[in-house]
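Have a look at the structure below before the remarks.
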Amino acid sequence: MKPGPHNLITDVPGFLVGNAQDDRLKSGATVLTAAAPFTASVHVMGGAPGTRETDLLAPDKSVAQIDALTLSGGSAYGLDACSGVVSGLRAQGRGFRVADAVIPIVPGAILFDLLNGGDKRWDDNPYARLGREAFEAASKRFEIGSVGAGTGALTAMLKGGLGSASFVLDNGITVGALVAANPMGAVTTPGERHFWAAPFEVDGEFGGLGPDPNAGLGRNPTSRKMQHMANQASGSELPAERANTTIAIVATDAEMTKAQCQRMATAAHDGIGRATVPAHAPGDGDLVFAASTNAQTLHNPERDLALVGHAAALCLSRAIARAIYFARPSPGDVLPCWSDS
């Protein structure tokens, strides 16, 4: 397998991604959509998720296909980004039809970025606007780093971000990942130079430094982020440990049912665990959506689906590292960027 032509989730034919952000707010939204409805499911492994319409994605639920997926900052406020995407789809006459009614189906997930140094003193919730702007910006090419849902993301030691990566398998199937990385854990080993995901890097896509040569790593969960959050949240009802989350989408053109998409999402969580230490904590809302355009017929379904899940995990690890690698500083940041270390 090798990266697709742009090393983005949109290397999967049919999918588009759009970003919108407010640099003063230090937050934003990211939307994955397609010209036609697509199959999707989800798997949640974090202890503190924030979601909209994810129950519809369970294999036993009646909704077969959806119109878009939304990732957003803003904690609970950010769920309104889905409403903006719904408005954009409705304006195009797209959605699930019931007689004369058109109902766009847009599941979404959010991350916590309310204490990242941005100006959160809004009068009207800005996330519906950001969601619609992201939907209207959807295209094959998009930026990663400090954009979209990753604009205000933070990791344990460094600024987080939005990342993406892809693989084209030897059988012609394409797999990609899109992630807004805002974990409680660190994506780099102590010293903040080497990425935990380094063994899976391809062609120096996030610095080419290779794995950390030191052994016995992972035993000291130091966190600049947790210290900052503890200071900001002193006296509040929100423990600093809950101000996190890695939210992601993995996608493919392989022919898949909802149940098979759910299995792909489950396998892809390995990518979070390989790229973030620790991962899937009680205060993380770690969640992976899986989506398929069903364009490629599987000739050996069990073998091919296992390979798709494996590729999704690899892409997600790489996407997380690329999110942090491409993050860029902005005024008021509370943590440094990898490029500054």
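The values are calculated or read from the model by the stated rules, or taken from the named source; none is laboratory data. What you are looking at is a predicted structure, and each value in this text was computed from that prediction instead of being measured. When we count neighbours, we look across all protein chains shown, and the Cβ atoms used for this are built from the backbone with ideal geometry, even at glycine. We work out accessible area using only protein heavy atoms, side chains counted, and drop any ligands, DNA or RNA first. Shrake-Rupley method; radii C 1.70, N 1.55, O 1.52, S 1.80 Å.
Give the average over all directions of the projected area of the C-alpha convex hull of the chain, one decimal, in nm².
For the chain, averaging the hull's shadow over all directions gives 16.7 nm².
With r defined as the distance between the Cβ atoms of His6 and Asn125 and R0 fixed at 35 Å, what FRET efficiency is calculated, to the nearest 0.05?
Computed FRET efficiency for His6 and Asn125: 0.60.
What number, in percent, do you get for the relative contact order of region 89-179 if the mean sequence gap of Cα pairs under 8 Å and at least 6 apart is divided by its residue count?
Taking the mean separation of contacting Cα pairs over the length of region 89-179, I get 15 percent.
With labels modelled as points extended 7 Å from the Cα through the Cβ direction, what inter-label distance (nm, one decimal) is found for Ser62 paired with Asp203?
4.7 nm
Over region 100-149, with every protein chain in place, what whole percent of the accessible area is carbon and sulfur at 1.4 Å, could you tell me?
46 percent
If amide hydrogens are placed 1.01 Å from N in the peptide plane, which non-local residues have theirs closer than 5 Å to the one on Gly145?
Leu162, Gly163
For every other residue with a beta carbon closer than 14 angstrom to the beta carbon of Ile105, add +1 if it is Lys or Arg and -1 if Asp or Glu, then tell me the sum.
Summing Lys/Arg as +1 and Asp/Glu as -1 gives +3.
What 222 nm value per residue comes from the helices of the chain, counting each DSSP H run with n ≥ 4 as -39,500 (n - 2.57) and dividing by all residues, nearest 500 deg cm²/dmol?
-7000 deg cm²/dmol
Provide the solvent-accessible area of Arg52, counting protein heavy atoms only and rolling a 1.4 Å probe, rounded to the nearest 10 Å².
Solvent-accessible area, nearest 10 Å²: 70 Å².
Distance in nm between label sites at Ala215 and Arg141, each 7 Å beyond Cα in the beta-carbon direction?
Output for this residue pair reads 4.7 nm.
Would you mind checking the radius of gyration and Dmax of region 81-132 based on alpha-carbon positions, in Å?
14.3, 47
So how much slack lies between Arg97 and Ala295, counting 0.36 nm per residue of separation and subtracting their Cα-Cα distance, in nm?
Going from the current span to full extension adds 69.0 nm.
With a length cut of 27 Å (Cα positions projected on each helix's long axis) and a Kyte-Doolittle mean of at least 0.0, go through the chain and give me the DSSP H helices that pass.
301-325
Which percent of the accessible heavy-atom area of region 7-61 goes to carbon and sulfur, probe 1.4 angstrom?
Heavy-atom surface of region 7-61 belonging to carbon and sulfur, 1.4 Å probe: 51 percent.
For region 76-93 and region 106-170, compute the distance between their C-alpha centroids and round to whole Å.
For region 76-93 versus region 106-170, the Cα centre distance is 15 Å.
How would you rank 210-217, 35-42, highest first, on the average number of other Cβ atoms within 10 Å across their residues?
Result, highest mean Cβ count within 10 Å first: 35-42, 210-217.
Work out, in µm²/s and without decimals, the Stokes-Einstein translational diffusion coefficient of region 1-118 at 10 °C, 1.306 mPa s, Rh from Kirkwood over C-alpha pairs.
Diffusion coefficient, whole number: 102 µm²/s.
What percentages, rounded to whole numbers, describe P(r) for region 78-210 computed over all alpha carbon pairs with 10 Å bin width beginning at zero?
With a bin width of 10 Å, the distribution comes to 10, 31, 31, 21, 6, 1.
For region 278-319 and region 28-51, write down the distance between their C-alpha centroids in whole Å.
Region 278-319 and region 28-51 have Cα centres spaced 13 Å from each other.
Taking a probe of 1.4 Å, how large is the accessible area per residue of the chain, in Å²?
Result: 40 Å² of accessible area for each residue.
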